[in-house]
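Take a look at the structure below.
What follows draws every value from the coordinates through simple rules; no lab data is involved. Only a predicted model underlies this, so the values are computations on that prediction, with no experimental measurement involved. Here the Cβ positions follow ideal geometry from the backbone for every residue, glycine too, while neighbour counts run over all protein chains shown.
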Amino acid sequence: MSKFQPFGLSLASPELVEAAKSPRALRQTQGKRTGMLSRREALQFGSLILLLAFTDIAWGATILGVRVWPAPDYTRVTIESDGLLKAKQFFVTSPPRLAVDIEGIELSPQLKELVGSVKSDDPFISGIRVGQNAPGVVRLVIDLKQSALPQVFNLPPIAAYQHRLVFDLYPTEVIDPLQALIAEKERDKPASPPTPRNDPLGDLIAQQSTRPTTSSTSNTTKTIAPRADSMPANATKRIENTPPIPPTNTDRLIIIALDPGHGGEDPGAIGPAGTREKDITLKVAQKLRERINATTLKGNPMRAFLTRDGDFFVPLHVRVQKAQRVQADLFISIHADAFTVPTARGASVFALSQSGATSATARYMAQKENSADAVGGINVQTKDAQVQRALLDMSTTAQINDSLKLGSNVLGEIGSFAKLHKPKVEQAGFAVLKAPDIPSVLIETAFISNPEEEQKLRDEAYQDQLADGIMRGLLRYFAKNPPLARTRTRS
Ligand SMILES: [Zn+2]
């Protein structure tokens with residue numbers, strides 16, 4: 001791949017004069033065209049170079065942006081540039097820090113901005129230092145608050161982005177999402193705590209604190225049980241196809257995985273007024289979480305689990321994996337996409353399809369959503385990602401049938417206050433809906449590309465209406481399809 005982006009400039013043209021004002025444009029032009037210069041052009045080119053010699057030209061790539069995305073899952077640092085950046089990194093454990101030598105750039109104000117862009121509450125990074133290590137080599141030192149597993153990789157230009165050099169810092173100890181859910185439940189405890197009998201999560205915590213620790217490779221079984229005293233600490237394995245739970249005042253936690261679309265480097269669709277899909281999807285998911293967490297179903301507490309609870313990128317297969325790890329009863333992905341024409345409007349609900357899309361729109365939406373990984377930036381070199389994606393191709397007819405039922409209940413409720421794009425649930429090959437054992441739907445709440453619908457999506461009252469509608473839809477689904485009795489195992 002060429003180091004330089006095509007710029008469409010013709011030498012000795014009026015554009016070149018413009019280019020003289022922009023070292024970046026000139027450099028790109030030079031990179032592509034030097035071999036084709038006529039003598040006259042070369043002379044003209046030379047004079048331009050002289051002109052520019054006084055304006056601090058860097059002969060490497062130009063940094064276009066530096067972004068930091070802190071999150072408990074992992075923190076990402078992105079350096080975007082107009083040319084491919086080569087980086088060599090080495091990790092120092094004590095004190096933990098990542099040093100990266102980036103070739104082909106000079107120290108610039110944007111790069112110095114990095115230092116200021118780290119928030120003090122970043123879970124991983126305590127500071128970033130930059131310095132010119134050698135001519136054309138910038139050394140970046142990322143000081144860490146805790147030991148981390150770094151991944152450094154390049155992303156080719158896509159969508160609005162040019163070349164990206166990405167540093168992902170993962171925790172050395174992976175957060176167990178079920179544990180996180182428990183911690184969250186603890187934080188949200190009401191002022192008058194329920195009796196232990198009615199607090200399955202409390203029971204679970206009690207069990208865990210008394211249970212001897214097991215090796216990380218073993219498949220420990222955690223049970224969310226009606227009574228701590230009725231279950232041994234090393235409880236039974238999960239039983240498939242057990243009958244629906246009886247309507248008692250005890251029993252298990254019902255977990256709904258909420259998946260706010262996009263995030264971090266992937267803004268999702270952007271409305272004509274600049275509204276970013278990723279912000280809307282998170283807000284609606286958070287509102288829906290409030291409703292879910294305040295609900296019990298025949299005595300069983302419900303709990304929402306967000307695949308992301310902040311502005312960071314989560315690959316599609318990781319969203320599914322997270323829902324599987326908490327053994328979610330349902331998976332609801334929330335979106336607000338754009339369409340090719342601003343007049344497109346209305347909400348839609350999608351389920352997975354094993355055999356092609358049910359309409360051209362459904363196919364288009366699935367393609368768009370499935371491109372999120374490329375925009376958000378996935379490290380394709382990790383084997384884990386490939387294995388996970390292969391595993392997700394085992395969708396079942398039962399899952400799809402349940403998803404269609406869930407989808408039509410949700411669509412019916414949204415239809416009570418919003419325009420619908422299509423009156424029935426559509427199907428296509430959405431990667432995020434591929435958990436083989438979890439009924440999964442993707443809701444396009446509205447078209448953010450439609451100016452009127454964009455305004456609605458920004459409106460808090462409308463976001464509440466959406467959350468209420470989805471909540472009613474999933475309760476209607478559960479009324480006819482009660483969640484199965486099961487224990488929750490730790491994967
Ligand atoms: Zn989307």
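Distances over 32 Å make up what percent of all Cα-Cα pairs in segment 228-480?
Percent of Cα pairs beyond 32 Å in segment 228-480: 18.
Which entries of LYS283/LYS456; LYS419/LYS456; LYS112/LYS278 have Cα-Cα distances beyond 22 Å here?
In this structure, LYS112/LYS278 exceed 22 Å between Cα atoms.
For SER333, list long-range residues whose amide hydrogen, built 1.01 Å from N in the peptide plane, is under 5 Å from its own amide hydrogen.
ASP259, VAL441, LEU442, ILE443
Would you mind telling me the antiparallel percentage of the DSSP bridges in segment 228-480, rounded to 5?
Counting DSSP beta bridges with both partners in segment 228-480, the antiparallel share is about 25 percent.
Full extension from THR172 to PHE91: what is 0.36 nm times the residue separation minus their Cα-Cα distance, to one decimal in nm?
Using 0.36 nm per residue and subtracting the Cα-Cα distance, I get 27.8 nm.
I'd like the Karplus ³J(HN,Hα) series for segment 458-464: coefficients 6.51, -1.76, 1.60, θ = phi - 60°, whole numbers in Hz, and an x wherever there's a Gly or Pro.
Values, residue by residue: 6, 7, 4, 5, 6, 4, 4 Hz.
With labels modelled as points extended 7 Å from the Cα through the Cβ direction, what inter-label distance (nm, one decimal) is found for ALA344 paired with GLN179?
4.2 nm
Can you compute the label reach from ASP121? Point 7 Å from Cα along the Cβ direction, backbone N cut-off under 15 Å, restricted to segment 290-324.
The answer is 309-312.
Taking 0.36 nm per residue of sequence separation and subtracting the Cα-Cα distance, how much length would be gained by fully extending the chain between SER416 and ASN133, in nm to one decimal?
95.6 nm
Take the Cβ-Cβ distance between LYS145 and ASN293 as r, set R0 to 30 Å, and report the resulting FRET efficiency rounded to the nearest 0.05.
0.50
Any idea how far apart SER359 and ASP464 come out in nm if each label point goes 7 Å out from Cα toward Cβ?
Calculated label separation equals 3.1 nm.
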